[in-house]
Amino acid sequence: MKISFAQGVAMAISESLAADSRLLLIGNGFVGLNMEARALLEPALREFADRILVAPVSELALAGAGIGAAMAGQRAAVDLSTGSFIFQAFAQVVNEAANVHYMSGGQTTAPVTFCSLAGMRSAGAAQHSHRIQAMLGQVPGLQVLVPGGADDAYHMLKWALLQSQNPTVFISHALLLGETGELTPGAPMLPVGKARIRREGRDLSIIASSITVPRALEAAQSLERDHGFSVEVVDLRSIAPLDRDTVLKSVAKTGRAVIADECHRSFGVAAEIAATLAEEGLAYLKAPVCRVAVPDVPVPFSPPLEAELTVTADKIVAGALKVLNAGSTMRRPV
Amino acid sequence: MTDLALDKLYGFYEQLWRIRLFEGHVQRLAAKGEVPGFPHLSTGQEAVAVGVCAHLAANDYVFSSHRAHGHVLAKGSDPYATFAEIIGRQDGLCRGRGGSMHLVDAANGVMGATGVVAGNLSLAAGAAWAAQALGDGRIAVVFFGDGATGAGVFHETLNLASLWQLPLLFVCENNGYAEFTSREEHSKVAKVSAFAAPYHLPAETIDGNDVLVVNAAAAAAVRSIRSGAGPRLLECMTYRMAGHYVGDAQRYRSKEELAAMKEKDPIDRLRAHLTQRGEPAAELEAIEKRVASEVQAAVERARQAARPDPATVLDYVYSQPLSTTAEA
C-alpha cells in the first residue's frame with residue numbers, strides 16, 4: 001500500500017498505543033500532520049485518552065515527565081513539536097535522558113521517544129528551521145532517527161515506541177510529510193542501525209539522510225539521464241547509531257562520495273561521514289569527497305534567501321559532477 | 001508527636017547519626033584528596049531525609065539533588081556501596097559512573113540524584129504518573145533545595161503535578177542558600193511554600209531541623225497522597241552546616257550565623273527530647289558509638305575496594321546495543 005510519511009507517523013502512533021498499554025503520550029499536537037494523517041490518528045487519541053496527557057507549553061517538564069515515566073517502567077512519547085523547540089527541553093533530553101543509564105551503572109533505562117518536526121520548512125526563519133540531528137549526534141546515550149521515507153517513518157517510529165530500550169529522538173522533516181512510499185503491511189523492518197541502499201550504482205555514492213534522501217534520488221536520476229553516470233544512494237536512516245560500514249562498503253565499490261546533508265556544514269552529519277571516509281576509506285577514494293550542506297548562517301526568512309541555502313537536487317548534481325570530474329587530481333595512497 | 005514509640009525515636013537517632021558520621025568521613029577524606037570531584041554535604045539537614053523517608057516503602061520512588069547522600073542513606077541504601085560510589089569504586093552503587101552527585105539505587109527506589117539544580121523535578125512527576133497508571137500504590141518524592149525554585153522547570157512541574165493530580169511529594173530543603181547566595185538576595189518570595197498555592201497544591205512550611213516535626217508532617221502528607229488526593233509540598237526550614245561543597249570557604253556567612261545555627265542541630269534536639277523523656281545518656285552514647293564503628297567499617301572497606309577497570313569505560317551507554325556492522 002502507498003502511504004505518505006505523515007500517514008506513516010500517524011499509523012505508528014495509533015498502532016503503538018493499541019499494542020502496548022504502557023505507552024503514554026505527552027502532548028498530541030503533532031504539528032504538520034495533514035488531514036489524512038490526522039484522520040488516522042484521531043480514533044486512537046479518543047480510544048486511549050486516559051494515556052494521553054494534555055500538555056501545557058512546558059517542554060522541560062514534559063520531556064522530564066516522559067523520562068521519569070519511562071524510568072519507572074512505562075514507555076513514553078513526548079511531542080516536542082517543531083524541531084527547534086527541543087532546545088527548550090535540552091537540559092532533560094541531553095543531560096538526563098541520555099545519561100541515566102550510564103550514570104547509574106546500568107540500573108535505570110529511559111525508553112522514551114521525543115518526537116520532533118525539524119528542518120528547513122520554507123519560511124520558518126531562523127527560529128523554526130533547525131536541523132537538530134548533528135547536535136544530538138554529540139550526545140552518547142541518545143538514539144537519533146532520521147527517516148528519509150514513509151516506510152521508515154512508520155517502521156522506525158513504531159520500533160522506538162514499542163521496542164527500543166534507549167531514549168530516542170525521532171526527527172521528521174516538515175517537507176517530507178507529503179512524500180509517499182510503498183509499505184508492505186507486516187513486512188519486517190530493516191533493523192535500526194542499518195543504512196539502506198535506496199538505489200544501486202557504480203560511479204558515485206551519495207550519502208543522504210532525512211530530506212536529502214528524495215533529493216539525492218532525484219539527483220541520481222538526473223546524473224544518469226543527463227550525464228550517463230551510475231549513482232548509488234545510501235540512506236543513513238539514523239545518525240546514532242551510525243552505519244559506517246554500509247557507507248564504507250558503498251564507497252569501496254564506487255570510489256567517489258558526495259554527502260548531502262541539511263545540517264550546517266561545520267561539525268554536521270556530513271562532516272562526520274567525511275571524517276569516517278578519511279580515516280577508514282581513503283584507499284577507496286578516487287577523488288576528494290564533497291559535502292553538499294548548509295552554509296554556516298542562520299536560516300533567513302525571505303524565500304529567495306532561504307533557497308540560496310537549501311540543499312537541492314541541483315546542488316547535489318553540481319557537487320557530484322565536481323567529484324566525478326576530479327579523479328585525476330587525487331593522489332592515490334601507495 | 002511526643003507519643004511516638006520509643007523504638008521509632010531511637011531509630012531516628014541512629015539514622016541521624018549515620019548520615020552525620022558518613023558526611024564527616026566524606027569531608028575528612030575529601031580534604032585529604034581521596035574523593036574525586038566536588039561532593040556536597042547534607043550535614044545539618046539530616047532530619048529532613050530521616051523524617052520523610054520514615055514514611056516510604058522500599059519501592060516508593062525517591063529523586064534527589066546534588067546534595068543526596070542523606071536521602072540515599074535514609075532510604076536504606078548500603079553505606080558501603082554508597083561510599084564506594086562517592087570515591088569512584090567498582091563496587092559503588094553506580095559502578096563508579098555516577099559519583100556523589102548522581103547516586104542511584106534503583107532496587108531500593110532511589111531513582112537518581114541529579115547534578116543539575118531542578119533537573120530531577122519533572123522526572124519525579126513522570127515516575128509518579130507511572131505509579132498512578134500502574135495503580136501499585138507507590139508514590140514519588142522529590143528532594144530539592146530552595147535554589148531550584150529559581151528554575152522555570154520547578155513551576156512547570158508544579159503545574160503538571162497539579163494538572164495531572166500526581167502522587168508526588170515535593171520536599172524543599174530550604175537551607176537559606178542557593179549555592180552561595182542567600183534567599184533574600186535571590187528572591188522576593190520568602191517562603192517556597194507560597195509558590196504552591198497558585199497551582200492549588202497544599203503546602204506547608206515546617207521546622208526541618210526537628211525530626212519529630214518532619215516526621216509528623218511527612219506522615220500526613222504521604223497519607224493524603226496515597227489516598228489519591230494529589231500532590232503536596234513540604235518546605236523544610238533547615239541549615240546547611242557545611243559549605244555548598246567541600247572546600248567552600250563560605251565567605252558569605254558570618255561566624256555569628258554559624259554559631260546560632262549550631263543551636264538548631266537536629267541531633268542535639270532529638271537527644272534533648274529523649275533525655276527529657278528519661279532515656280539514659282549512656283544508651284544514647286552507645287548508639288552513637290555503634291553507628292560510628294559501622295560507618296567507619298563501611299568507609300574503610302570502600303577505601304580498599306577496587307577501582308573500575310578502564311577497559312569497561314564504554315559499558316552502559318546503551319541498554320540495548322544496536323549493531324551497525326554490515327552483514328557479510
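Going through the range A:70-82 one residue at a time, which ones are surrounded by 23 or more Cβ atoms within 10 Å (Cβ to Cβ) and polar (S, T, N, Q)?
Passing the criteria: only A:74.
Please verify whether residue A:35 is aliphatic (A, V, I, L, M) and more than 10 Å from every other protein chain (Cβ to nearest Cβ), treating the condition exactly as stated. Explain how you work it out, then say what you get.
Working: aliphatic (A, V, I, L, M): yes; more than 10 Å from every other protein chain (Cβ to nearest Cβ): yes.
The answer is yes for residue A:35.
Given (1) part of a loop (DSSP other than H, G, I, E, B); (2) at pLDDT below 95, where does residue B:58 come up short, assuming only one miss?
The single condition residue B:58 does not satisfy is (2).
Can you list the strands (runs of 3 or more DSSP E) lying wholly within the range A:86-184 that have 3 or more residues being more than 14 Å from every other protein chain (Cβ to nearest Cβ)?
Numbers: elements: A:112-118, A:143-145, A:168-173, A:180-182.
In the range A:86-184, the matching strands (runs of 3 or more DSSP E) lie at A:112-118, A:168-173, A:180-182.
Here is a check on your reading of the model: is residue B:221 part of a helix (DSSP H, G or I), more than 28 Å from residue A:89 (Cβ to Cβ) and under 18 Å from the mean Cα position of the chain (by Cα)? Give the derivation first.
Numbers: part of a helix (DSSP H, G or I): yes; more than 28 Å from residue A:89 (Cβ to Cβ): yes; under 18 Å from the mean Cα position of the chain (by Cα): yes.
Yes, satisfied.
From the list B:242, B:229, B:259, B:249, exactly one residue is of a type outside the set (Phe, Trp, Tyr), assigned to a helix (DSSP H, G or I) and away from every other protein chain (no Cβ under 14 Å). Which is it?
Values: B:242 fails: assigned to a helix (DSSP H, G or I); B:229 fails: assigned to a helix (DSSP H, G or I); B:249 fails: assigned to a helix (DSSP H, G or I).
One residue alone meets the criteria, B:259.
State all residues of the range B:122-133 that are without any contact (Cβ under 8 Å) to a residue 60 or more places away in the chain, at the interface with chain A (Cβ under 7 Å from one of its Cβ atoms) and of a type outside the set (Gly, Ala, Ser); if no residue qualifies, say none.
We begin by selecting, within the range B:122-133, every residue without any contact (Cβ under 8 Å) to a residue 60 or more places away in the chain; these are B:122, B:125-126, B:129-130, B:132-133.
After this cut, where a residue has to be at the interface with chain A (Cβ under 7 Å from one of its Cβ atoms) as well, the list is B:122, B:125-126, B:129-130, B:133.
Hit for the range B:122-133 is B:129, nothing else.
Identify, by number, the condition in (1) more than 14 Å from chain A (Cβ to nearest Cβ); (2) over 17 Å from residue B:240 (Cα atoms) that residue B:183 doesn't meet.
Every condition holds for residue B:183 apart from (2).
Look through B:112, B:145, B:152 and report the one residue that is crowded, with 24+ Cβ neighbours inside 10 Å and at the interface with chain A (Cβ under 7 Å from one of its Cβ atoms).
On the way: B:145 fails: at the interface with chain A (Cβ under 7 Å from one of its Cβ atoms); B:152 fails: crowded, with 24+ Cβ neighbours inside 10 Å.
Checking each option against the conditions leaves just B:112.
Quick one: which of A:39, A:6 is farther than 30 Å from residue B:91 by Cβ, part of a helix (DSSP H, G or I) and under 21 Å from the mean Cα position of the chain (by Cα)? Break it down stepwise before answering.
On the way: A:39 fails: under 21 Å from the mean Cα position of the chain (by Cα).
So the residue among A:39, A:6 that is farther than 30 Å from residue B:91 by Cβ, part of a helix (DSSP H, G or I) and under 21 Å from the mean Cα position of the chain (by Cα) is A:6.
So, in the range B:67-102, how many residues would count as being over 15 Å from the mean Cα position of the chain (by Cα), within 10 Å of chain A (Cβ to nearest Cβ) and either under 28 Å from residue B:55 (Cβ atoms) or of a type in the set (A, V, I, L, M) (or both)?
Count: 5.
Take the range B:302-322 and flag every residue that is surrounded by 15 or more Cβ atoms within 10 Å (Cβ to Cβ) and part of a helix (DSSP H, G or I).
Scanning the range B:302-322 gives a single hit, B:302.
Go through the residues of the range A:65-82 one by one and say whether even a single one is outside any loop (DSSP other than H, G, I, E, B), closer than 30 Å to residue B:99 by Cα, out of contact with any strand residue (DSSP E or B) (no Cβ under 8 Å at 6 or more places or on another chain) and facing chain B (nearest Cβ under 7 Å).
The first filter runs over the range A:65-82 and keeps only residues outside any loop (DSSP other than H, G, I, E, B), leaving A:65-71, A:75-82.
Now restrict to residues that are closer than 30 Å to residue B:99 by Cα: A:65-71, A:75-78.
Add one more test, that the residue is out of contact with any strand residue (DSSP E or B) (no Cβ under 8 Å at 6 or more places or on another chain), and what stays is none.
So far as the range A:65-82 goes, no, none of its residues is outside any loop (DSSP other than H, G, I, E, B), closer than 30 Å to residue B:99 by Cα, out of contact with any strand residue (DSSP E or B) (no Cβ under 8 Å at 6 or more places or on another chain) and facing chain B (nearest Cβ under 7 Å).
Determine whether the range B:194-214 contains at least one residue that is modelled with pLDDT under 95 and either in a loop (DSSP other than H, G, I, E, B) or within 12 Å of chain A (Cβ to nearest Cβ) (or both).
No, the range B:194-214 has no match at all.
Run down A:85, A:114 and say which single residue is in contact (Cβ under 8 Å) with a residue 12 or more places away in the chain, among the aromatic types (Phe, Trp, Tyr), surrounded by fewer than 23 Cβ atoms within 10 Å (Cβ to Cβ) and not assigned by TED's automatic domain parsing to the domain that holds residue A:307. Spell out the reasoning first.
Working: A:114 fails: surrounded by fewer than 23 Cβ atoms within 10 Å (Cβ to Cβ).
One residue alone meets the criteria, A:85.
May I ask you to list pairs of residues, at least six apart or on different chains, whose Cβ atoms are under 6 Å apart, with the first in the range B:39-53 being in a helix (DSSP H, G or I) and the second being among the polar types (S, T, N, Q)?
Matching pairs, first to second residue: B:47/B:209; B:48/B:238; B:50/B:15; B:51/B:215.
So in the range B:1-32, with the set limited to residues that are surrounded by 13 or more Cβ atoms within 10 Å (Cβ to Cβ) and among the hydroxyl-bearing types (Ser, Thr, Tyr), which one is farthest from residue B:238 (Cα to Cα)? Lay out the reasoning, then the answer.
Initial filter on the range B:1-32 (surrounded by 13 or more Cβ atoms within 10 Å (Cβ to Cβ)): B:4, B:9-30.
Next cut, among the hydroxyl-bearing types (Ser, Thr, Tyr) only: B:10, B:13.
Numbers: B:10: 21, B:13: 17 Å.
Among residues in the range B:1-32 that are surrounded by 13 or more Cβ atoms within 10 Å (Cβ to Cβ) and among the hydroxyl-bearing types (Ser, Thr, Tyr), the one farthest from residue B:238 (Cα to Cα) is B:10.
Within the range B:177-186, is even one residue polar (S, T, N, Q), in a strand (DSSP E or B) and closer than 30 Å to residue A:72 by Cα? If you could, list the steps in order and put the result at the bottom.
Taking the range B:177-186 and keeping what is polar (S, T, N, Q), we get B:181-182.
In the following step, the residues that additionally are in a strand (DSSP E or B) were identified as B:181-182.
Among the residues that remain, those that are also closer than 30 Å to residue A:72 by Cα are: none.
No, because not a single residue in the range B:177-186 is polar (S, T, N, Q), in a strand (DSSP E or B) and closer than 30 Å to residue A:72 by Cα.
Can you name the residue in the range A:304-314 that is within 20 Å of the chain's Cα centre (by Cα) and closer than 15 Å to residue A:218 by Cβ and is also surrounded by the most Cβ atoms within 10 Å (Cβ to Cβ) among such residues? Walk me through it before giving the result.
Taking the range A:304-314 first, the residues within 20 Å of the chain's Cα centre (by Cα) are A:309-313.
Remaining after also requiring closer than 15 Å to residue A:218 by Cβ: A:310-313.
Details: A:310: 17, A:311: 24, A:312: 16, A:313: 20.
Residue satisfying both the conditions and the ranking: A:311.
Of all residues in the range A:193-213, count the ones that are surrounded by fewer than 23 Cβ atoms within 10 Å (Cβ to Cβ) and of a type in the set (A, V, I, L, M). Outline the logic, then answer.
Let us first name the residues in the range A:193-213 that are surrounded by fewer than 23 Cβ atoms within 10 Å (Cβ to Cβ), namely A:193-194, A:196-203.
Within this subset, residues satisfying the condition of being of a type in the set (A, V, I, L, M) are A:197.
Adding up the residues that qualify gives 1.
Here are A:176, A:161: which of them is within 11 Å of the chain's Cα centre (by Cα) and more than 15 Å from residue A:238 (Cα to Cα)? Can you show your working first?
Values: A:161 fails: within 11 Å of the chain's Cα centre (by Cα).
On inspection, the qualifying residue turns out to be A:176.
Do the conditions hold for residue A:147, that is, is it in contact (Cβ under 8 Å) with a residue 24 or more places away in the chain and farther than 28 Å from residue A:125 by Cβ?
Numbers: in contact (Cβ under 8 Å) with a residue 24 or more places away in the chain: yes; farther than 28 Å from residue A:125 by Cβ: no.
Considered against the rule, which asks whether it is in contact (Cβ under 8 Å) with a residue 24 or more places away in the chain and farther than 28 Å from residue A:125 by Cβ, residue A:147 comes out as no.
The values are calculated or read from the model by the stated rules, or taken from the named source; none is laboratory data. This is a predicted model, so every value here is computed, not measured. Cβ: placed from backbone, ideal geometry, glycine included. Neighbour counts: every protein chain shown.
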